[in-house]
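Here the structure is laid out as structure tokens; the discussion comes afterwards.
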Amino acid sequence: MQNKGVPEKNLYIDKQSGKDFERPKYKKMVRRLKTGDLLYILSIDRLGRNYREIQEQWRILTREKGVDICVLDMPLLDTRNGKDLMGTFIADLVLQILSFVAQNERENIRKRQAEGIAAAKAKGVKFGRPPRLVPDNFYTIRKDWRDKK
């Protein structure tokens, strides 16, 4: 983004999964975008990983808000170019394919993760924190501590 001249104050980085668009930084960015702005996205799967929601957000950003979008790793997804019917058709087609791939990859990751967890449980692996052992006289000790004894 620095190579594109994007100022630090205009970078929005979510630490959450792209499974949906309920991400604080994403929402903040969308609120601040205005007609004529240019949104750089590294890759379409960084925007989201849900086919239908990616399509919807793309429509909101480009048509309702009037924002141009440039997906850096896919030059065909640059709304500044090809604003004619053919260019729009190609961009829409590429967006649909990449949205499908992003969601499919997310589903595959979840499936592999579930398989790994099931295999580990079958081997007797315990997940989560171990239970804390509390001594029988815990509440007496706690009361004494609170009473400064």
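The values are calculated or read from the model by the stated rules, or taken from the named source; none is laboratory data. Keep in mind it's a predicted model, so treat the numbers as computed, not measured. Note that we place each Cβ from the backbone using ideal geometry, even for glycine, and neighbour counts take in every protein chain shown.
What are the residues in region 18-32 that are of a type in the set (D, E, K, R) and either surrounded by 14 or more Cβ atoms within 10 Å (Cβ to Cβ) or closer than 17 Å to GLU64 by Cα (or both), if any?
Listed by number, the residues that qualify are LYS19, ARG23, LYS27, LYS28, ARG31, ARG32.
Within region 82-100, does at least one residue satisfy the condition of being in contact with a strand residue (DSSP E or B) (Cβ under 9 Å, 6 or more places away or on another chain) and under 23 Å from GLN16 (Cα atoms)?
There is at least one residue in region 82-100 that is in contact with a strand residue (DSSP E or B) (Cβ under 9 Å, 6 or more places away or on another chain) and under 23 Å from GLN16 (Cα atoms).
Looking at region 56-76, is at least one residue among the hydroxyl-bearing types (Ser, Thr, Tyr), within 18 Å of GLN2 (Cα to Cα), free of Cβ contacts under 8 Å to residues at least 40 places away in the same chain and surrounded by 15 or more Cβ atoms within 10 Å (Cβ to Cβ)?
Taking region 56-76 and keeping what is among the hydroxyl-bearing types (Ser, Thr, Tyr), we get 62.
Then drop every residue that is not within 18 Å of GLN2 (Cα to Cα), which leaves none.
Looking for residues that are among the hydroxyl-bearing types (Ser, Thr, Tyr), within 18 Å of GLN2 (Cα to Cα), free of Cβ contacts under 8 Å to residues at least 40 places away in the same chain and surrounded by 15 or more Cβ atoms within 10 Å (Cβ to Cβ), one finds none in region 56-76, hence no.
Determine which member of the set ARG32, ARG46 is at pLDDT 90 or above, under 16 Å from MET1 (Cβ atoms) and basic (Lys, Arg).
Going through ARG32, ARG46 in turn, just one is at pLDDT 90 or above, under 16 Å from MET1 (Cβ atoms) and basic (Lys, Arg): ARG32.
Of all residues in region 101-149 being in a loop (DSSP other than H, G, I, E, B) and under 26 Å from the mean Cα position of the chain (by Cα), which is surrounded by the most Cβ atoms within 10 Å (Cβ to Cβ)? Even if it seems obvious, please write down each step before you answer.
Filtering region 101-149 down to residues in a loop (DSSP other than H, G, I, E, B) leaves 123-137, 147-149.
Applying the additional criterion that residues be under 26 Å from the mean Cα position of the chain (by Cα) yields 127-128.
On the way: PHE127: 7, GLY128: 5.
The selected residue is PHE127.
Pull out all pairs, ordered by first then second residue, where Cβ-Cβ is under 7 Å, the residues are six or more apart or on different chains, the first lies in region 1-18 and is farther than 16 Å from ASP73 by Cβ, and the second is assigned to a loop (DSSP other than H, G, I, E, B).
Sorted first by the residue in region 1-18, then by its partner, the pairs are LEU11/MET1; ASP14/ARG23; GLN16/ARG23.
Take the residues in region 43-66 that are closer than 19 Å to PRO24 by Cβ and assigned to a loop (DSSP other than H, G, I, E, B), then tell me which one is nearest to the chain's Cα centre (by Cα).
Across region 43-66, the extreme among qualifying residues is GLY48.
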